[in-house]
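> This is the structure I want to talk about, given as structure tokens.
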Amino acid sequence: MSELLRDLALANRILAHEGVVDAFGHVSVRHPERAERFVMSRSRSPELVTLDDLMEFTLDGTPLDARGRTPYSERFIHGAIYEARPDVMAVVHAHAEDTLPFGIAPAKLRPVIHSGAFIGAEVPVWDIAKRFGERTNLLVTNVAQGRDLAKSLRKNNVVLMRGHGFAAAATSLIDVVRMSVYLPRNARVQFRALQLGKVKPLSRGEIQARTGGAGYKPQSPETQRAWQYWAARAGCAELLKQLS
Ligand SMILES: [Zn+2]
């Protein structure tokens, strides 16, 4: 557990340094022993998160040991996805600008580069106004909104949120960080390519070969290489050495 919490603190720093989150956005992990709980930082910019900021929540977003700490107002995104998807062990929510055009325009976000394969063949768009009307502040601030978002995600890895950002879900922390780092890059490439004409996305076979085939293992040296690289770039090389 202590290693997972360290990695969660690290994931916050990595996502901030890679420009996926800024003052806002967050990452969580499902509790490894209690599936009905998840862990995320108190309401703090990810770049500044330390182990002391991490809090446990039930899936309805209730803090278990707040000790005066204020939770993120959008924690319901995370709890609702864990509730709907027993396979999901880590979630990211962010407002990365490069993903936003695809939440408001007809062009669908698709994996178009090899590192974007992890987002999966389908990336649905969730529009909060469909169920909650035209007067929300676009943020997911209660369980009902979280559940509606999780329903849109279905069995996919990423759901775009109209005029707001995205939520990404994966079976491990390292997977969700990797996906969240490459998602805006994939979006940027697709956006640029659309200026040139018709875009050819990865085929289902290519996506499968990248993500589910023999070529991909979550704990592979290549994956660890990426984690170490991101941690070092974020100035967290020392944190990475602790406990390992
Ligand atoms: Zn948000």
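The values are calculated or read from the model by the stated rules, or taken from the named source; none is laboratory data. Small disclaimer: the values here were computed from a predicted structure and weren't measured. Quick reminder, even Gly has a Cβ in these numbers, built from the backbone with ideal geometry, and neighbours come from all protein chains shown. Areas reflect the complete protein model, heavy atoms only, side chains present, ligands, DNA and RNA absent. Shrake-Rupley method; radii C 1.70, N 1.55, O 1.52, S 1.80 Å.
> Would you point out the residue of segment 104-161, among those that are aromatic (Phe, Trp, Tyr) and buried (at least 17 other Cβ atoms within 10 Å of the Cβ), that is nearest to the ligand (Cβ to nearest atom)?
Restricting attention to segment 104-161, the residues satisfying the condition of being aromatic (Phe, Trp, Tyr) are 118, 126, 132.
Narrowing the set further to residues that are buried (at least 17 other Cβ atoms within 10 Å of the Cβ) leaves 118, 126.
Working: Phe118: 21, Trp126: 12 Å.
Selected residue: Trp126.
> For segment 45-52, does any single residue satisfy the condition of being assigned to a loop (DSSP other than H, G, I, E, B), under 19 Å from Arg147 (Cα atoms), in contact (Cβ under 8 Å) with a residue 24 or more places away in the chain and away from the ligand (no atom under 16 Å from the Cβ)? Spell out the reasoning first.
The first filter runs over segment 45-52 and keeps only residues assigned to a loop (DSSP other than H, G, I, E, B), leaving 45, 49-50.
Right, trim to under 19 Å from Arg147 (Cα atoms) and you get none.
Looking for residues that are assigned to a loop (DSSP other than H, G, I, E, B), under 19 Å from Arg147 (Cα atoms), in contact (Cβ under 8 Å) with a residue 24 or more places away in the chain and away from the ligand (no atom under 16 Å from the Cβ), one finds none in segment 45-52, hence no.
> Please work out which residue is modelled with the lowest pLDDT, limiting yourself to segment 1-42 and to residues that are part of a loop (DSSP other than H, G, I, E, B), in contact with a His (Cβ under 9 Å, 6 or more places away or on another chain) and open to solvent by 40 Å² or more (accessible area, probe 1.4 Å).
Within segment 1-42, the match that is modelled with the lowest pLDDT is Met1.
> Just the residues that are crowded, with 21+ Cβ neighbours inside 10 Å and either aliphatic (A, V, I, L, M) or closer than 17 Å to Arg67 by Cβ (or both), please, taken from segment 43-54.
Scanning segment 43-54 gives a single hit, Val49.
> Against the condition touching a residue at least 60 places away in the same chain (Cβ under 8 Å), within 13 Å of the ligand (Cβ to nearest atom) and part of a helix (DSSP H, G or I), how does Leu194 come out, does it pass? Please lay out each step first, then the result.
Values: touching a residue at least 60 places away in the same chain (Cβ under 8 Å): yes; within 13 Å of the ligand (Cβ to nearest atom): no; part of a helix (DSSP H, G or I): yes.
Against the criterion (touching a residue at least 60 places away in the same chain (Cβ under 8 Å), within 13 Å of the ligand (Cβ to nearest atom) and part of a helix (DSSP H, G or I)), Leu194 does not qualify.
> Could you figure out which of (1) without any contact (Cβ under 8 Å) to a residue 60 or more places away in the chain; (2) within 16 Å of the ligand (Cβ to nearest atom); (3) of a type in the set (Phe, Trp, Tyr) isn't true of Phe24?
(1)
> Filtering segment 66-85 down to residues that are in a helix (DSSP H, G or I) and crowded, with 24+ Cβ neighbours inside 10 Å, which residue is nearest to the ligand (Cβ to nearest atom)? Before you say what the answer is, go through the steps one by one.
Going residue by residue through segment 66-85, those that are in a helix (DSSP H, G or I) are 76-84.
Subset that is crowded, with 24+ Cβ neighbours inside 10 Å: 76-82.
On the way: Phe76: 11, Ile77: 7, His78: 11, Gly79: 14, Ala80: 14, Ile81: 14, Tyr82: 17 Å.
Filtering segment 66-85 for residues that are in a helix (DSSP H, G or I) and crowded, with 24+ Cβ neighbours inside 10 Å, the one nearest to the ligand (Cβ to nearest atom) comes out as Ile77.
> Let me ask something else. What are the residues in segment 86-103 that are closer than 18 Å to Asp175 by Cα and open to solvent by 50 Å² or more (accessible area, probe 1.4 Å), if any? Walk me through how you get there before you give the answer.
Step one: filter segment 86-103 for residues closer than 18 Å to Asp175 by Cα, giving 86-94, 96.
Matches in segment 86-103: Pro86, Asp87, Met89.
> Please pick out the residue among Asp148, Asp175 that is farther than 22 Å from Ala107 by Cα and at pLDDT 95 or above. First the steps, then the outcome.
On the way: Asp175 fails: at pLDDT 95 or above.
The conditions single out Asp148.
> When you look at Ser172, is it hydroxyl-bearing (Ser, Thr, Tyr), in contact with a strand residue (DSSP E or B) (Cβ under 9 Å, 6 or more places away or on another chain) and away from the ligand (no atom under 16 Å from the Cβ), yes or no? Spell out how you get there, then give the answer.
Numbers: hydroxyl-bearing (Ser, Thr, Tyr): yes; in contact with a strand residue (DSSP E or B) (Cβ under 9 Å, 6 or more places away or on another chain): yes; away from the ligand (no atom under 16 Å from the Cβ): yes.
Yes; evaluated as a whole, the condition is true for this residue.
> Among (1) touching a helix residue (DSSP H, G or I) at 6+ places or on another chain (Cβ under 9 Å); (2) open to solvent by less than 20 Å² (accessible area, probe 1.4 Å); (3) not in a helix (DSSP H, G or I), where does Asp60 come up short?
Going through the list (1) touching a helix residue (DSSP H, G or I) at 6+ places or on another chain (Cβ under 9 Å); (2) open to solvent by less than 20 Å² (accessible area, probe 1.4 Å); (3) not in a helix (DSSP H, G or I), Asp60 breaks only (2).
> If you don't mind, another one. In segment 34-54, what residues are of a type outside the set (Ser, Thr, Tyr) and closer than 25 Å to Lys241 by Cβ?
Matches in segment 34-54: Val39, Met40, Arg44, Pro46, Glu47, Leu48, Val49, Leu51, Asp52, Asp53, Leu54.
> Give the residues of segment 18-39 that are within 26 Å of Glu97 (Cβ to Cβ) and touching a helix residue (DSSP H, G or I) at 6+ places or on another chain (Cβ under 6 Å), sorted by residue number.
Matches in segment 18-39: Glu18, Val20, Val21, Val27, Ser28, Val29.
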